[in-house]
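J.: Handing you a structure now.
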Amino acid sequence: MAWIGEFAMIFRLSQKLNTKIKAGPSESLPLHENPFADWSAHLFIADRTQYILLSNTKSLYSVVMFGKGITNDSYFILRALSNIREFMEADGQGFVYHRFIVPATGSVRFAKALDRSVTGSMNDLINHATAWLAEGDVSPFDVGFRLNDILLSALGTSKSETYGTPQEAFKALVIGTES
């Protein structure tokens, strides 16, 4: 399944981020048919610096970027896609970015958060990121790698496995797509 016909990528913005980039009213949208083209974003502050957490909505695979200087929706899209690409290439997922995300970037739609499970898990990730970034010796880029190894209850795959990591969930999406 390549989802070639799907052109609109979804960014689900927190209210705080939506206000910052002036994206206008957000609509409620179901999860994108292409799970790689659906990302949730939240603005947060650590040690007086603005950051944005970008998490794949389905797997919670996450990237952290600086929020400073992002003042409108166009620049947000540019920076978000650039940071996602750089991170995925460094994580050995460059093929996935180019095969499944790039085709969806022809247009972008902004939406509200998918559900409380995603929002709650992102808040957990932000708490970890804030602590690591406040220490001052970890870059936002490296925080993404740490976040993707955190056990989250929202990613449990069965009754016997009640927790999973974003890294494992993302790899499962890739394997499911390739088969």
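J.: Can you tell me which aspartates and glutamates have their Cα less than 12 Å from the Cα of LYS22? Leave out same-chain residues fewer than eight positions away.
T.: Partners within reach: ASP73.
J.: If the cut-off is a Cα-Cα distance under 18 Å, which lysines reach LYS171, setting aside same-chain residues fewer than 8 apart in sequence?
T.: Those lysines meeting the cut-off are LYS58.
J.: Here are a few candidate values for Rg/Rh (Cα atoms, Kirkwood Rh): [x] 0.94; [y] 1.04; [z] 1.43. Which one was actually calculated from the structure I just gave you?
T.: Read-out from the structure maps to [x].
J.: Work out the length of the dipole vector of segment 65-162 about its Cα centre, built from +1 on the beta-carbon of each Lys and Arg and -1 on the beta-carbon of each Asp and Glu, and round it to the nearest 20 debye.
T.: Dipole size: approximately 460 debye.
J.: Accessible surface of PHE66 in the full protein assembly, 1.4 angstrom probe, to the nearest 10 Å²?
T.: 100
J.: Lys/Arg Cβ at +1, Asp/Glu Cβ at -1, dipole of the chain taken about the Cα centre: which of GLY67, GLY92, ASN127 is farthest positive-ward?
T.: The one lying farthest along the dipole's positive direction is GLY67.
J.: Next question. Identify the trypsin sites (Lys or Arg not before Pro) of segment 1-80 meeting these criteria: DSSP loop state and at most 14 other C-beta atoms within 10 Å of the C-beta.
T.: LYS22, ARG48, LYS68
J.: A follow-up question, please. List the aspartates and glutamates whose alpha-carbon lies under 15 Å from that of LYS68, not counting same-chain residues fewer than 8 positions away?
T.: Cross-link targets: ASP47.
J.: In whole percent, and with a 1.4 Å probe on the protein chains, what portion of the accessible area of the chain is carbon and sulfur?
T.: Carbon plus sulfur share of accessible area: 53 percent.
J.: Then there's this: Can you work out the accessible area per residue across segment 22-73, with the rest of the protein chains kept in place, probe 1.4 Å, in square angstrom?
T.: The answer is 41 Å² per residue.
The values are calculated or read from the model by the stated rules, or taken from the named source; none is laboratory data. Just so it is clear, the structure is predicted and the values come from calculations on it, not from any experiment. For neighbour counting, all protein chains shown are included, and Cβ atoms are generated from backbone atoms with ideal geometry for every residue, glycine included. With ligands, DNA and RNA removed, areas are computed over all heavy atoms of the protein, side chains included. Shrake-Rupley method; radii C 1.70, N 1.55, O 1.52, S 1.80 Å.
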